Each structure stands twice: as C-alpha cells, then as structure tokens.
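Below: one structure, written as structure tokens.
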Amino acid sequence: MHTTDVPKAERFGWWRDLLLKDLAPTHIDSPHREDFRASSAALELGPVKVSVLSFPPLASVRTARLVRRADPELWELGYLAGGIMVLDQARNHAQVTAGDLLLYDTSQPVRMRVTQGGRLTILHLPKSSVPVPDRSMRELLSRRLPAQGTGSLLAGFLQGLAGAQWSGWEAERLGAAAVHLASAFLGGLADRADLLPPETRQSVLLRRVKDFIEAHLSDPELTPQTIADAHHISVRYLHHLFRPEQRTVAALVRELRLDRCRTDLARPGRAGHPVAAIGARWGFTDPAVFNRAFKEAYGMPPGAYRRSLGAFRAPADRS
C-alpha cells in the first residue's frame with residue numbers, strides 16, 4: 001500500500017496509522033510529513049510476521065511509557081535494503097547502512113533516525129521462538145550486523161519475501177524457515193550456536209546445500225561426493241540431511257537439470273541449439289542418458305518435446 005493512494009494532506013497520518021498496526025507503539029515524525037511518500041506491506045507467515053517498508057527521512061521513538069503501555073515481546077530483526085539508519089538502544093549506538101542487518105527489542109526504549117530515504121524489511125520474532133538466551137541477544141542490540149555467512153542467506157530470504165503472495169501452506173513453511181535462519185544467524189553472532197536445536201542447524205545447512213546445487217547444475221562433476229566435500233561433511237551425512245525431503249540428492253540434481261533443459265527447449269532463442277548441446281549445458285554429457293531421463297520425466301524424448309511446441313524442427317533433433 002502506497003501513500004500516493006490517498007490525498008496529499010492525509011498521507012503521513014495514514015501511513016503512520018497503518019504502520020502502527022504491525023509495530024509496537026512508537027512516536028514517528030518526519031520533515032516530509034507535508035508530502036509523505038512511503039509504502040507499507042504486511043506478510044503473515046505462520047508463526048511470524050514480516051513488514052516491508054519504504055519511507056523518506058524520519059525519526060521514531062519508543063519511550064519507556066510506551067513500553068509499559070504495550071509490549072508484544074518481540075525481537076525485531078531488520079534488513080536495510082536502502083538508506084542510512086542511526087539506532088540507539090540499551091546504551092548501544094550504531095549507524096546502519098544499506099546491506100546491513102540490525103536488531104532491536106520491543107521491551108526497551110529505542111530511538112531510530114533515518115537520514116536518507118529508507119527501505120526496510122522487518123522480521124517480527126516472538127522471543128519464545130528464538131533459542132538464544134536473552135543476555136546474549138541483548139549484546140546484539142543496536143549494532144551494525146553485516147549480512148555475511150548465514151546473514152547473507154537471511155538477507156536474501158527476506159528480500160525475496162517482499163512483494164510476493166503466498167498460500168497458507170507456503171506461508172507456514174516460509175515462516176518456520178525464517179525463524180530457523182534468524183536463530184542460526186543470531187546464535188552464531190552471540191557465539192552460542194551450540195545452543196541451537198539440531199534441526200535448526202540442519203535446516204540452514206540444507207538450504208546452503210540446495211543453493212550450492214542450483215549454482216553448479218551445469219557442472220558435470222556435480223555429485224553427492226563433490227557436494228559433501230564442498231560443505232565439509234560426509235556423503236552419509238548429506239544423505240541424512242535429505243531424508244525428510246523424500247528424495248535423494250541425486251534425484252534433486254536430476255530434477256533441477258531436467259527442468260532447466262525443458263525451459264531451454266521451449267525458448268525460441270535457443271531453437272538453433274541442438275538438443276544434445278542443451279543437455280550438455282546442464283550437465284548431461286551423454287545424449288543417450290539425457291534422452292532417457294527426459295522421456296522418463298516428461299513422457300517423450302527432448303527432441304519430440306521441442307517439436308510438440310512447434311519451436312524447432314530439424315533432423316538433428318530426432319530422438
């Protein structure tokens with residue numbers, strides 16, 4: 001929802017009221033209140049909520065009085081996609097810039113000042129959902145948290161949520177994934193990763209493995225052994241990670257490769273590329289193996305599939 005949808009004189013108050021439906025009570029002001037151009041979106045993801053905000057320079061204050069009036073008991077984990085934010089809480093002071101993560105606590109007074117137009121995604125984490133001691137979390141308040149390692153995965157995940165629509169079942173799974181990623185990130189920063197449940201660590205590692213697989217699909221040497229080696233785990237443990245997926249690592253690699261091949265075969269821009277070359281592009285070095293795998297997955301050989309779309313007809317594509 002964007003403020004340009006309402007009359008100019010009402011924009012600031014409308015956006016502020018909309019925002020406070022999702023955030024803990026806070027005093028907000030801006031030098032741009034006469035023509036306030038901002039947007040706000042709220043996502044319900046099962047156990048958590050996510051707010052996606054854009055706004056001009058502004059200042060917000062959550063006082064001790066407002067904390068006493070209402071406290072949802074949340075850790076607010078934000079990703080700043082644009083702008084500069086100055087944050088003060090728990091005697092900590094930080095300047096956060098685009099590409100950083102930040103953390104603040106709804107149970108304590110906090111001051112925030114955005115000196116340039118900002119784009120902020122906030123993951124509202126119930127304190128009971130984060131298996132890191134409060135004393136360790138408090139050490140992270142009002143600090144610049146670079147999006148590195150697990151933080152990079154978390155930042156990309158939060159960015160991917162913005163502007164999308166999810167079904168109820170998808171939202172539940174995405175919310176659970178958000179909690180796992182956030183817990184792993186915060187636990188690692190607090191140097192208490194050993195306190196995280198095994199399922200959280202496994203969830204983060206599984207996501208890393210899947211990202212690695214997608215990034216290396218074109219490599220014909222992509223095997224369970226090379227995947228395990230890249231993540232410093234045994235092949236046996238790699239298969240253990242995939243047990244809840246109800247498919248093997250090799251099956252996932254084959255499925256993703258075939259999907260990429262099918263997409264390329266349907267693209268008019270690749271109509272001049274031989275079928276075998278498209279298979280090789282995605283790791284199928286043996287044309288016969290590619291033909292068999294494609295037919296098993298989609299009911300016809302790749303050449304026949306391409307011809308059925310009317311994209312290309314040539315003797316080289318008889319399969």
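Scanning the range 212-254 for residues that are farther than 24 Å from T285 by Cα, assigned to a helix (DSSP H, G or I) and not acidic (D, E) yields R236, Y237, L238, H239, H240, L241, R243, P244. For R281, are the conditions met, namely being in contact (Cβ under 8 Å) with a residue 60 or more places away in the chain and charged (D, E, K, R)? Against the criterion (in contact (Cβ under 8 Å) with a residue 60 or more places away in the chain and charged (D, E, K, R)), R281 qualifies.
Being in the same structural domain as R143 (by TED's automatic domain parsing) and assigned to a helix (DSSP H, G or I) is true for just one of L66, L87, L43, L80. Which residue is that?
Every option except L66 fails the conditions.
Residues in the range 158-169 include at least one that is in a helix (DSSP H, G or I), under 10 Å from the mean Cα position of the chain (by Cα) and of a type outside the set (A, V, I, L, M). Test R257 against the stated conditions and say whether it is assigned to a loop (DSSP other than H, G, I, E, B) and closer than 22 Å to L206 by Cα. Considered against the rule, which asks whether it is assigned to a loop (DSSP other than H, G, I, E, B) and closer than 22 Å to L206 by Cα, R257 comes out as no.
Can V96 be described as in contact with a strand residue (DSSP E or B) (Cβ under 6 Å, 6 or more places away or on another chain), at negative phi and not in a helix (DSSP H, G or I)? Don't jump to the end; show me each part of the working.
Values: in contact with a strand residue (DSSP E or B) (Cβ under 6 Å, 6 or more places away or on another chain): yes; at negative phi: yes; not in a helix (DSSP H, G or I): yes.
Taking the combined requirement at face value, the residue satisfies it.
Does the range 99-158 hold any residues that are of a type in the set (V, I, T) and either out of contact with any strand residue (DSSP E or B) (no Cβ under 7 Å at 6 or more places or on another chain) or within 25 Å of F36 (Cα to Cα) (or both), and which are they? V110, V114, T115, T121, I122, V132, T150, listed by residue number. Taking residues in the range 125-146 that are assigned by TED's automatic domain parsing to the domain that holds A81 and assigned to a loop (DSSP other than H, G, I, E, B), and partners anywhere that are surrounded by fewer than 17 Cβ atoms within 10 Å (Cβ to Cβ) and among the hydroxyl-bearing types (S, T, Y), the pairs with Cβ atoms closer than 8 Å and at least 6 places apart or on different chains are R144/T97.
Listed by first and then second residue, the pairs linking a residue in the range 284-300 that is touching a residue at least 24 places away in the same chain (Cβ under 8 Å) and of a type in the set (G, A, S) to a residue that is part of a helix (DSSP H, G or I) and surrounded by fewer than 16 Cβ atoms within 10 Å (Cβ to Cβ), with Cβ atoms under 8 Å apart and 6 or more places separating them unless they lie on different chains, are A297/E255.
Within the range 121-136, not a single residue is buried (at least 21 other Cβ atoms within 10 Å of the Cβ), under 21 Å from K21 (Cβ atoms) and over 22 Å from the mean Cα position of the chain (by Cα). For the range 60-89, the tally of residues that are surrounded by 16 or more Cβ atoms within 10 Å (Cβ to Cβ) and of a type outside the set (F, W, Y) stands at 16. Has the range 53-74 got any residue that is of a type in the set (S, T, Y) and farther than 12 Å from V110 by Cβ? Checking the range 53-74: at least one residue is of a type in the set (S, T, Y) and farther than 12 Å from V110 by Cβ.
Farther than 27 Å from A304 by Cβ, among the basic types (K, R), surrounded by 13 or more Cβ atoms within 10 Å (Cβ to Cβ) and not assigned by TED's automatic domain parsing to the domain that holds A176: does that describe R260? It is false that R260 is farther than 27 Å from A304 by Cβ, among the basic types (K, R), surrounded by 13 or more Cβ atoms within 10 Å (Cβ to Cβ) and not assigned by TED's automatic domain parsing to the domain that holds A176.
One residue alone among P57, P31, P7 is more than 30 Å from the chain's Cα centre (by Cα), surrounded by fewer than 17 Cβ atoms within 10 Å (Cβ to Cβ) and modelled with pLDDT of 90 or more, and that residue is P31.
The values are calculated or read from the model by the stated rules, or taken from the named source; none is laboratory data. Keep in mind it's a predicted model, so treat the numbers as computed, not measured. Please note: Cβ atoms are built from the backbone with ideal geometry, for glycine as well, and neighbour counts cover all protein chains shown.
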